[in-house]
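The values are calculated or read from the model by the stated rules, or taken from the named source; none is laboratory data. Every value quoted in this text rests on a predicted model; they were computed, and no experiment measured them. FYI the Cβ positions are ideal-geometry reconstructions off the backbone, even for glycines, and counts take in every protein chain you see. Surface areas here come from the heavy atoms of the whole protein model, side chains and all, with no ligands, DNA or RNA. Shrake-Rupley method; radii C 1.70, N 1.55, O 1.52, S 1.80 Å.
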Amino acid sequence: MTTAILKQPTEPTEPTAARKPNRSFVHGLITNKKALVGMIVMLMFIALALLAPVLFPGDPSRITAMASLEPSPEHWLGTTAKGQDVLALTVHGSRSSLFVGLTVGFASTFIGILVGLASAYFGKFIDEALSLVTNVFLLLPGLPLLVILAAFLPPGLGTVILVLVVTGWAGSARVLRSQALSIRSKDFVAAAVVSGERAGRIMFREILPNMASIVMGTLLACVIYGIGAQAGLEFLGLGDVSTVSWGNNLFWAGNEGALLTGSWWVFVPSGVCIALVAFALALINYAVDEVTNPRLRKIKTPKITERSAAK
C-alpha cells in the first residue's frame, strides 16, 4: 500500500505567481517610457550636431539674406538683425553646447569619483582634508566665481570648460562620498581589505560598481549644469563670442535688440533647444532612479478575470 503510494508520479506544481528574473539595467532603461523619450530627444540633437556641416556647409555666421526676416520657406526660422540664417546658427550651435556640456559632465563626475572614493575609503586625515576642500568650493558663490574666472582668463572654449569644471565638481564629490561611505562599511569590502587587496582595486572594483546608479545620475546632472552654465556665461558676454553656440545666439539676440523689436524667432530656437536637452536628460535621470530604486518601481499586478475568480 505504501509502496504504491510512493511510486505514484508527482505532477509538477506551477506557482500561482511566477517569479520573473531581475531585468538588467540596460533592459530596464529601454523599457522605461521616460528613458525612451529622453534618449530619442538626445539622439536627435546628437545627430543634428554631427550632421551640421552636411546640412549647412560653410560658415553659419555668414550673411545670407535681408535682416530680420520672419520665418519663411526659404529661411525656416527667419534671419537675425545681421541677415544670418537662424536655423543654421541653431544647428551649428548644438555642436559647441553639447560638446561643452558632455565634457564638463564627464570631467566633473570623474573628479567627484576620485575625491569621493578617496575620502570615503582612506578616512581620517585624507577625509578631513578632502572634505575641507570640497566644503570650500561648495560655500563659494557659484555665479560670481564663474564671472570672475571667466573675466580674467583668456577667452576660448577651453577656458569655459575649465571654469565650469572648477566650479562644478564639488557637488558631485559630496554626493559620491556619502554613497561610498555606506558601501565602505559592508562586509565584502572588509573581506577585500583583510585579503590584502590594493586600495585602488578595492575602490574601483568593489565599491565603484555598486555606485553605478548614483554615478549615472550625477553625470546627467553635471551635463545639464554644463550646458546651462555655458549658456549663462555666454549670455553675459563672458564666453568666446566668435564661436557659434546656443548661449552666443542668445547673447547676440539681446545685443541686436531682438526682444525690443519683437523678433521672437531669433532667440526662441536656442532657448527651446537648451530646455529640451535639459528636459531629456532629466527624464533619463528619473528613469535611472526608477530602474535602480525598488521603491520607485511600478509593480504590475495580474488582472483578475471572472473565470479566474470563479476558480
Checklist entry - Any idea what the relative contact order of the chain is, in percent, if you count C-alpha pairs under 8 Å spaced at least 6 apart? => result 25
Next on the checklist: Once R0 is set to 45 Å, what does the formula 1/(1 + (r/R0)^6) return for the Cβ-Cβ distance between ALA151 and VAL26, expressed as a FRET efficiency to the nearest 0.05?
Outcome noted: 0.55
Item to check | Solution diffusion estimate, µm²/s, Stokes-Einstein, the range 111-207, Kirkwood Rh from C-alpha pairs, 37 °C, viscosity 0.692 mPa s | outcome: 221
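I need the Kirkwood Rh of the chain: take the reciprocal of the average 1/r across all distinct C-alpha pairs and report it in angstrom. Before the final figure, lay out the partial values.
Values: mean 1/r = 0.0431 Å⁻¹.
In the chain this quantity evaluates to 23.2 Å.
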Item to check | Heavy atoms of ILE40: accessible area, 1.4 Å probe, square angstrom to 10 | outcome: 90
Item to check | Heavy-atom accessible area ranking, 1.4 Å probe, most first, across TYR225, TYR121, TYR286 | outcome: TYR286, TYR225, TYR121
Checklist entry - Distance in nm between label sites at GLU74 and SER185, each 7 Å beyond Cα in the beta-carbon direction? => result 7.1
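In the chain, which helices (entire DSSP H runs) extend 18 Å or more along their own long axis, judged by Cα positions, while averaging at least 1.0 on the Kyte-Doolittle scale?
Numbers: long enough: 33-55 (32 Å, 2.19); 86-122 (53 Å, 1.46); 124-139 (22 Å, 1.22); 157-184 (38 Å, 1.12); 212-235 (34 Å, 1.51); 264-292 (41 Å, 1.57).
Those that pass (Cα extent of 18 Å or more, hydropathy at least 1.0) are 33-55, 86-122, 124-139, 157-184, 212-235, 264-292.
Starting from the Cα-Cα distance between MET66 and ASN210, subtract it from 0.36 nm times their residue separation and give me the gain in nm to one decimal. Mind showing how you got there, number by number?
On the way: separation 144, 0.36 × 144 = 51.84 nm, distance 5.77 nm.
Extending this stretch completely gives an extra 46.1 nm.
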Item to check | the range 86-126 - Debye-derived log10 I(q)/I(0), Cα point model, q = 0.15, 0.35 Å⁻¹ | outcome: -0.52, -1.01
Checklist entry - Largest first, what is the accessible-area ranking of MET203, MET39 with a 1.4 Å probe? => result MET39, MET203
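For VAL272 and LEU50, what is the calculated FRET efficiency with R₀ set at 22 Å and r taken between the beta-carbons, to the nearest 0.05?
Once rounded, the FRET efficiency stands at 0.65.
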Item to check | Percentage relative contact order, the range 103-182, counting C-alpha pairs under 8 Å, at least six apart | outcome: 56
